[in-house]
Amino acid sequence: QVQLVESGGGLVQAGGSLRLSCAASGRTFSSLSMGWFRQAPGKERELVAAISWSGGNIYYADSVKGRFTISRDNAKNTVYLQMNSLKPEDTAIYYCAASSTMVTHTTIPRAWGQGTQVTVSS
């Protein structure tokens with residue numbers, strides 16, 4: 001079983017930056033694909049970014065391309081989401097997720113984190 005714990009959310013002004021972290025327990029992290037999803041009030045959960053186990057395959061949603069960067073440190077069992085040039089529409093609860101295959105929009109992850117709130121003020 002893998003357990004995920006996010007951190008790094010908070011309140012930031014538009015144009016600011018935040019870095020989210022997702023720490024995983026267990027010995028299988030380096031073999032897992034990881035993804036960051038977000039859910040805004042009244043909206044469906046959407047995939048923001050994903051990274052393969054090796055880091056060689058990366059996906060970004062069009063809405064965050066050029067502003068967000070996903071990365072991972074397998075030695076630390078941690079995946080990161082660096083968020084720059086934040087906009088009010090980025091406000092959401094952000095969740096990390098783990099999967100045995102590359103995370104996509106239709107993936108049913110084997111594990112979810114509890115979520116961390118990101119609020120961007122205008």
Hey, any idea what % of the chain's accessible area is carbon plus sulfur with a 1.4 Å probe?
49 percent
Computed on Cα atoms, Rg of the stretch 1-40 relative to 2.2 N^0.38 Å comes out at 1.45
Calculate, for the chain, the solvent-accessible area per residue in square angstrom, rolling a 1.4 angstrom probe over the heavy atoms of the protein chains.
51 Å²
Could you tell me the largest-minus-smallest coordinate of the C-alpha atoms of the chain on each of the three principal axes, in descending order and whole angstroms?
41, 27, 25
Relative contact order computed over the chain (Cα-Cα under 8 Å; 6+ residues apart), in percent
36 percent
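The values are calculated or read from the model by the stated rules, or taken from the named source; none is laboratory data. Just so it is clear, the structure is predicted and the values come from calculations on it, not from any experiment. Please note that ligands, DNA and RNA were not included when accessible areas were found on the heavy atoms of the full protein model with its side chains. Shrake-Rupley method; radii C 1.70, N 1.55, O 1.52, S 1.80 Å.
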